[in-house]
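Trainee: This structure is in structure tokens; I'll ask about it shortly.
The values are calculated or read from the model by the stated rules, or taken from the named source; none is laboratory data. Just so it is clear, the structure is predicted and the values come from calculations on it, not from any experiment. Don't worry about glycine lacking a Cβ; one is built from the backbone with ideal geometry, like all the others, and counts go over all protein chains shown. Note: areas computed on protein heavy atoms with side chains; ligands, DNA, RNA excluded. Shrake-Rupley method; radii C 1.70, N 1.55, O 1.52, S 1.80 Å.
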Amino acid sequence: MDTLTDGPAHKAPADSGVTLAHIMSEHDTNLYGTIHGGVIMKLIDDAAAAAAGRHAGGPAVTVSVDRMTFLLPVHAGDLVSVRACVEYAGRTSMDVGVRATAERWNASGPTAEVATARLTFVAIGENGSPRPVPELRPVTAEDHQRHLHALQRRAGRARQRTAAS
């Protein structure tokens, strides 16, 4: 499907939001007995890729991880939920915000934010070349706030590239 001719010309962030949930096991632990950061990173990348792919209407690949912050340790037996949402869409690229939370799998109770991340994806066509994506249309106040922050991050990256040149 050609997104610009066959799909919608624009999408709201909620149209492509994704939540993945996974119960952590002993196989996911590191030498310290907590869940290995790489396991959380993969869940974050998987959720972000799904959100970007939904927005693009097809494959999207990770171009960069702008920031990933681990806030609290995760333990075997925790149910980790990873929520990803497109916060900005350019011509072919998308910025995706991700938030990971954890709670015990067998009890309802407090949920703790354990990691956050910002990733950039590019939509690709069948030949592997970048292809256009729908415009992002923020709807809610939170959508507008996330979009504004994404624009500021993009401007900061552009300044860094210019300074490095």
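Trainee: With runs of 4+ DSSP H residues as the only contributors, calculate the mean residue ellipticity of the chain at 222 nm using -39,500 (n - 2.57) per run, divided by the residue total and rounded to the nearest 500.
Mentor: -9500 deg cm²/dmol
Trainee: Further question on the same structure: Which order do the peptides 93-99, 19-25, 31-37 come out in when sorted by mean C-beta neighbours inside 10 angstrom, highest first?
Mentor: Put in order of decreasing packing, that is 93-99, 19-25, 31-37.
Trainee: Please work out whether segment 117-165 counts as rounded, prolate or oblate from its C-alpha gyration tensor, where a ≥ b ≥ c are the square roots of the eigenvalues and a/c under 1.5 means rounded, while otherwise a/b larger than b/c means prolate and anything else oblate?
Mentor: The shape class here is oblate.
Trainee: Taking a probe of 1.4 Å, how large is the accessible area per residue of the chain, in Å²?
Mentor: Per residue, the chain has an accessible area of 55 Å².
Trainee: Relative to the longest principal Cα axis of the chain, at what angle does helix 141-164 sit, 0 to 90 degrees, rounded to 10?
Mentor: Relative to the chain, helix 141-164 is tipped by roughly 80 degrees.
Trainee: Using only Cα atoms, find the angle between the long axis of helix 37-56 and the longest principal axis of the chain, and express it within 0 to 90 degrees, rounded to the nearest 10.
Mentor: Between helix and principal axis, roughly 30 degrees.
Trainee: Just name one of 58, 88, 29: the one whose Cα is farthest towards the positive end of the charge dipole of the chain (beta-carbon charges, Lys/Arg +1, Asp/Glu -1).
Mentor: It is 88, whose Cα lies furthest towards the positive end.
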